[in-house]
Amino acid sequence: MSLFTEKSISFTKMSGHGNDFIVIDNMERNISMDWGECARRWCRRRTGVGADGLLLIEQSDGADFTLRIFNADGSEAEMCGNGARCAAAFAFDRKIASHQMRFRTVAGIIEASVDGIDVSIKMTDPGQVREDIKLNIEGKDLSVCSINTGVPHTILFTDDIGHVPVEETGQKVRSHQEFEPEGTNVDFVEIIGPRKIRIRTYERGVEAETLACGTGAVASAIVCSKCKDIGSPPIDVVMPGGILIVDFQRQGDRFRDVWLKGKVDWVYRGEIIEER
């Protein structure tokens, strides 16, 4: 006879260009958990389901649903571009929302459109681009740009992205005193053609390089539009996990009507057994 009682929690594993998530439907609010702690345990590679984050779908007043986003370290994120796209596909599949929807995040209301495996989201308006920020990293001076696209991002330009020490440099920039107390995501960007860039991202909360980052794609595309001559949007953003498309309207130094588009993959469904 078992000394433990078990609680089974259904989940769906989804991926946006390799940026992977555990998605849980809690629209009935019948699951009460310490979601930050769950994210820390469930997102671990090898000993858990393994993911970059945990997405929780709950009811909302004034929107189709509320999306709560937990990073792999248990912290709750304001926004995640690829997570939002996965959540939109999930909500449409579960008939929580139609193919055109609005949902609430900590960063604000997000609009989304689902067309098969292609999912587009309209981001909240980003903050202003901060240019030519000087950082000293272990005696070496770096010039970076930053912008908030729902979460903070810092952009470093490079001519050889394949050989950039993403995790080593990314961790140092992420926790630099310039970006205290919340820290920053770090995007390494190489311009590879008109309206086309390649990026690699060190993600805050995951504390590692990820295969894709939606808010990072948007941040990098906007900063390139502001600071580099790459042509008018839409911008193709090439990441290790695939290509995201970023479109927007520019009004002087401000950016509006920002859309992020890319495919979403359904990986598998399963159950997590919690022993008590």
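Checking the structure you have, find out if any residue of segment 39-52 is over 19 Å from ARG204 (Cα atoms), surrounded by fewer than 21 Cβ atoms within 10 Å (Cβ to Cβ) and touching a helix residue (DSSP H, G or I) at 6+ places or on another chain (Cβ under 7 Å). Yes, the conditions are met somewhere in segment 39-52.
Whenever a residue of segment 134-152 is under 13 Å from GLY170 (Cα atoms), its partners that are part of a strand (DSSP E or B) and of a type in the set (Ser, Thr, Tyr), lying with C-beta atoms within less than 6 angstrom and at least six residues away or across chains, give the pairs VAL144/THR154. Test PHE179 against the stated conditions and say whether it is more than 18 Å from the chain's Cα centre (by Cα), surrounded by 24 or more Cβ atoms within 10 Å (Cβ to Cβ) and either assigned by TED's automatic domain parsing to the domain that holds ILE109 or more than 30 Å from LYS7 (Cβ to Cβ) (or both). Taking the combined requirement at face value, the residue does not satisfy it. Taken residue by residue, segment 196-215 has at least one member that is outside the structural domain of ILE109 (by TED's automatic domain parsing), modelled with pLDDT of 95 or more, within 19 Å of ILE147 (Cα to Cα) and part of a helix (DSSP H, G or I).
Of the residues making up segment 77-84, none is more than 12 Å from the chain's Cα centre (by Cα) and among the small types (Gly, Ala, Ser). One residue stands out in segment 4-21 among those that are charged (D, E, K, R) and exposed (fewer than 15 other Cβ atoms within 10 Å of the Cβ): the one that is modelled with the lowest pLDDT, namely GLU6. Taken over segment 216-244, the criterion of being modelled with pLDDT under 95 and of a type in the set (A, V, I, L, M) is satisfied by ILE230 alone.
The set of residues from segment 229-275 being farther than 17 Å from VAL189 by Cα and without any contact (Cβ under 8 Å) to a residue 24 or more places away in the chain comprises ASP247, GLN249, GLN251, GLY252. Here ASP247, ASP257 are screened, and the one residue that is surrounded by 16 or more Cβ atoms within 10 Å (Cβ to Cβ), in the same structural domain as ILE197 (by TED's automatic domain parsing), more than 14 Å from the chain's Cα centre (by Cα) and at pLDDT 95 or above is ASP247.
Within segment 123-167, track down each residue that is in contact with a strand residue (DSSP E or B) (Cβ under 9 Å, 6 or more places away or on another chain) and more than 26 Å from ASP253 (Cα to Cα). Within segment 123-167, ASN136, ASP141, ASP160, ILE161, GLY162, VAL164, VAL166, GLU167 meet the criteria. Where in segment 73-168 are there strands (runs of 3 or more DSSP E), lying wholly inside it, with at least 2 residues that are exposed (fewer than 14 other Cβ atoms within 10 Å of the Cβ)? Of the strands (runs of 3 or more DSSP E) lying wholly inside segment 73-168, those with at least 2 residues that are exposed (fewer than 14 other Cβ atoms within 10 Å of the Cβ) span 108-115, 130-137, 140-148. Within segment 173-202, residues that are without any contact (Cβ under 8 Å) to a residue 24 or more places away in the chain and over 11 Å from CYS224 (Cα atoms) have Cβ atoms under 6 Å from residues that are surrounded by fewer than 23 Cβ atoms within 10 Å (Cβ to Cβ) and small (Gly, Ala, Ser) in these pairs: SER175/GLY183, counting only partners at least 6 apart in sequence or on another chain.
The values are calculated or read from the model by the stated rules, or taken from the named source; none is laboratory data. These numbers come from a predicted model, not from an experiment. A quick note on method: Cβ atoms are made from the backbone with ideal geometry, for glycine too, and the neighbour counts reach across all protein chains shown.
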